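A short write-up of the structure that comes next.
The values are calculated or read from the model by the stated rules, or taken from the named source; none is laboratory data. These numbers come from a predicted model, not from an experiment. Here the Cβ positions follow ideal geometry from the backbone for every residue, glycine too, while neighbour counts run over all protein chains shown. For the accessible areas, the whole protein counts, side chains as well, though only heavy atoms, and no ligand, DNA or RNA atoms are used. Shrake-Rupley method; radii C 1.70, N 1.55, O 1.52, S 1.80 Å.
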Amino acid sequence: MDELLDKLKQNNTGCHIGHHFMGALGYADDLILLCPSVSGINKMIKICEDYAQEHNILFNGAKSKYLVFGDYKYIPILKVNNEIVTRCNSAMHLGHLLQAENTHDALVEHAINGLNGSFHNFMSRFGSCNITSRNKLFHQYCSSVYGSQLWLAT
C-alpha cells in the first residue's frame, strides 16, 4: 500500500496542510482519501483502481463510504469499480468517528457512550473487588479517551 500512497502523493490531487500532502491516509488495508473537489476525488479513485488492477487487489465500492464536510448541496455519484459509493453523514475509521457536521460534539458523545458501556461491563465483572484493586482496574478498563487532547475546551 505504500506504493499506492506514493502514487497518490505524486499526483498531487487531494488535501494539503501547508506543504504536506494529506490526501491519502492508510493503515494496513484501510484507506481514506481526502479531497476538496469531486473531480479530484474521481482522479484519486482512478489511481486506486489502476493500482488495484496492476496488483490483483479489489477495492469494494459497496463497502466504501464518502462524507462531505461543510455546506455542499450537490450530491455527486462516486463509483469504485463501477459500484456506487454511499454518501453518509458519519463513519468510523480506525476507531475514530468522522462526522460531516459537528464532529467535535459527536466525538465527545461517542467517548461518553463508550465510557458508560465500559463502566457497566467493568462493574459487572469487578464490582465485588476491594476499592484499591477496583481503582487500578478501572484505569485499565475504562479510562481510555484516546485523542481527547484534541477536543475543544469548553
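Would you mention how many residues in the range 109-140 are closer than 30 Å to L67 by Cβ, open to solvent by less than 50 Å² (accessible area, probe 1.4 Å) and at pLDDT 75 or above?
Within the range 109-140, residues that are closer than 30 Å to L67 by Cβ, open to solvent by less than 50 Å² (accessible area, probe 1.4 Å) and at pLDDT 75 or above number 3.
Closer than 24 Å to Q99 by Cβ, surrounded by fewer than 17 Cβ atoms within 10 Å (Cβ to Cβ) and in contact (Cβ under 8 Å) with a residue 12 or more places away in the chain: does that describe D71? Show your work before the answer.
Details: closer than 24 Å to Q99 by Cβ: yes; surrounded by fewer than 17 Cβ atoms within 10 Å (Cβ to Cβ): yes; in contact (Cβ under 8 Å) with a residue 12 or more places away in the chain: no.
In short, no.
Go through the range 15-25 and report how many residues are closer than 20 Å to L78 by Cα and not in a loop (DSSP other than H, G, I, E, B).
2
Residues of the range 44-68 being part of a strand (DSSP E or B) and either touching a residue at least 40 places away in the same chain (Cβ under 8 Å) or open to solvent by 60 Å² or more (accessible area, probe 1.4 Å) (or both), which ones?
Looking only at the range 44-68, we keep the residues that are part of a strand (DSSP E or B), and these are 65-66.
Across the range 44-68, the qualifying residue is only K65.
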